[in-house]
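I have placed the structure first, in the form of structure tokens, so that the comments after it can refer back to it.
The values are calculated or read from the model by the stated rules, or taken from the named source; none is laboratory data. Just so we're clear, the structure is a prediction, and the values are computed from it rather than from any experiment. Heads up, the Cβs are rebuilt from the backbone with ideal geometry, glycines too, and the neighbour counts pull from every protein chain shown. Keep in mind that these areas ignore ligands, DNA and RNA; they rest on the heavy atoms of the full protein, side chains included. Shrake-Rupley method; radii C 1.70, N 1.55, O 1.52, S 1.80 Å.
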Amino acid sequence: MASWLPETLFEIVGQGQAPSKDYYQLLVTQTQMIFRWWKISLRSEFRTAKPGEIKETHEDFLDNSNLQVQIALVFGARVLDYVFNLCQGKFDYLERLSDKLLLKIICYLDLEDVARLSQTSSKFAKLCKSDSLWEQIVQSACDTITSDMRALAMDVGWRQMFFTNKIQLQRQIRKKKQRQGKHKEKHI
């Protein structure tokens, strides 16, 4: 199953903890872990420092506690845990699916499950709040979607449309039509 994974499994860049101005890159591929750094300093003794790089196989990285500590200091314990899992072959396949495919899957969930899923990661939070998802949910809940409803959804968003009751929607559509009518009268 890992054969359909991209060559680069994970990449992150960042700056060292203050007062350091050094830059770091961590790259995890299917076969190795690469840690790079660039020393940034105004001090003359560090101006000639060249960039550095450590390349290790996943197995060697799992045994290198010094490098693990360095990664935790620069990128944090959560990134270290994630990289550790990748090097052990524990991949999060769900996170790697395309947004389009995930939206198709999410629209089949119950609303409570959509709310729970939105709390699992920033990617799922973005997807669960996306207009694309809520447009699909509204379309599956409604028999027909009129052009007035579509226009209102462009103004307030599909999620708001879904959670607004029918009477309020009719009132909002009527107000929008009245505003458009007044706007046309001004230009005539």
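Laid out as a table, the results:
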item	result
Residue ID - nearest to Lys176 (Cα to Cα), chosen from residues in region 132-159 that are outside any loop (DSSP other than H, G, I, E, B) and open to solvent by 70 Å² or more (accessible area, probe 1.4 Å)	Asp155
Odd one out for Ala72, checked against (1) over 20 Å from Thr120 (Cα atoms); (2) in a helix (DSSP H, G or I); (3) open to solvent by 60 Å² or more (accessible area, probe 1.4 Å)	(3)
Condition met for Ile167 (out of contact with any Gly (no Cβ under 8 Å at 6 or more places or on another chain) and part of a helix (DSSP H, G or I))	yes
Qualifying residue in region 18-25 (condition: touching a residue at least 24 places away in the same chain (Cβ under 8 Å) and either within 30 Å of Val138 (Cα to Cα) or in contact with a helix residue (DSSP H, G or I) (Cβ under 7 Å, 6 or more places away or on another chain) (or both))	yes
Subset of region 118-139 (residues that are touching a Leu at 6+ places or on another chain (Cβ under 7 Å) and over 15 Å from Met161 (Cβ atoms))	Phe124, Leu127, Cys128
Qualifying positions in region 79-131 - closer than 21 Å to Phe10 by Cα, open to solvent by 60 Å² or more (accessible area, probe 1.4 Å), in contact (Cβ under 8 Å) with a residue 12 or more places away in the chain and not in a helix (DSSP H, G or I)	Gln88
